[in-house]
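A quick write-up on the structure given underneath.
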Amino acid sequence: SATRTALFPGVQSLIHFLNQNHIAWGIVTNGAHWLAKRLLDGHTLSGRQCLVGAAQLPHSKPHPFPLQYACRLLNVSARQAVYVGDALTDVQAATAAGLYSVVATYGYQSSYEEIQHWGADATIDHLSAMQTLLSVSVNS
């Protein structure tokens with residue numbers, strides 16, 4: 001249940017930033033859709049425009065289709081989209097779909113040294129860095 005889970009530091013602040021700047025956002029997970037929805041609803045994360053989970057689609061990450069599908073739901077092109085993940089499959093899916101890929105180094109992934117070989121466009125150590133990264137495009 002959501003009472004036994006915690007959001008990573010900076011999630012609420014980033015979501016507030018996205019909503020305040022009218023930046024469409026959603027979640028793509030290889031986890032079960034029903035479980036992800038239950039957890040997200042339990043944390044009252046407002047403003048989410050899409051949630052794509054396993055078993056909803058014929059393919060899971062690292063296939064690009066779930067990210068392409070999310071872009072269609074959000075009405076954004078792949079060139080306009082950024083995907084933040086913590087696993088190699090996230091980077092592979094984002095790259096194959098044509099999205100800008102960001103690795104969150106604090107997630108469930110392997111060592112930091114290994115992450116450097118994944119080919120992501122950027123890495124972040126805290127979600128506040130994501131807000132800074134997005135601020136550049138919002139203010140330009």
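For this structure, a couple of remarks:
- Put simply, the amide H of Asn30, placed in the peptide plane, has no neighbours under 5 Å, leaving out anything fewer than 5 places away on its chain.
- Using R0 = 25 Å, the C-beta based FRET efficiency linking Thr3 and Arg48 works out to 0.80.
- Charge context of Pro62, other residues only, Cβ under 14 angstrom, K/R +1, D/E -1: -1
- Ranked order, Val136, Val82 - accessible area, probe 1.4 Å, largest first: Val136, Val82
- Zero-based 10 Å bins, Cα pair distances in the chain, whole percents: 11, 42, 41, 6, 0
- The chain: calculated mean residue ellipticity at 222 nm from DSSP helix runs of at least 4, using -39500 (n - 2.57): -11500 deg cm²/dmol
- For the stretch 59-71, Karplus couplings with θ = phi - 60° (6.51, -1.76, 1.60), whole Hz, Gly/Pro x: 9, 10, 4, x, 4, x, 4, x, 6, 5, 5, 4, 4
- The HN-Hα couplings worked out from phi for the stretch 41-53 by the Karplus form 6.51 cos²θ - 1.76 cosθ + 1.60 (θ = phi - 60°) are 5, x, 9, 6, 7, 8, x, 5, 9, 7, 9, 10, x Hz, whole numbers, x standing for Gly and Pro.
The values are calculated or read from the model by the stated rules, or taken from the named source; none is laboratory data. Here the structure is a predicted model, which means the values were calculated and not measured. Quick reminder, even Gly has a Cβ in these numbers, built from the backbone with ideal geometry, and neighbours come from all protein chains shown. Surface accessibility is based on the protein's heavy atoms, side chains included, excluding ligands, DNA and RNA. Shrake-Rupley method; radii C 1.70, N 1.55, O 1.52, S 1.80 Å.
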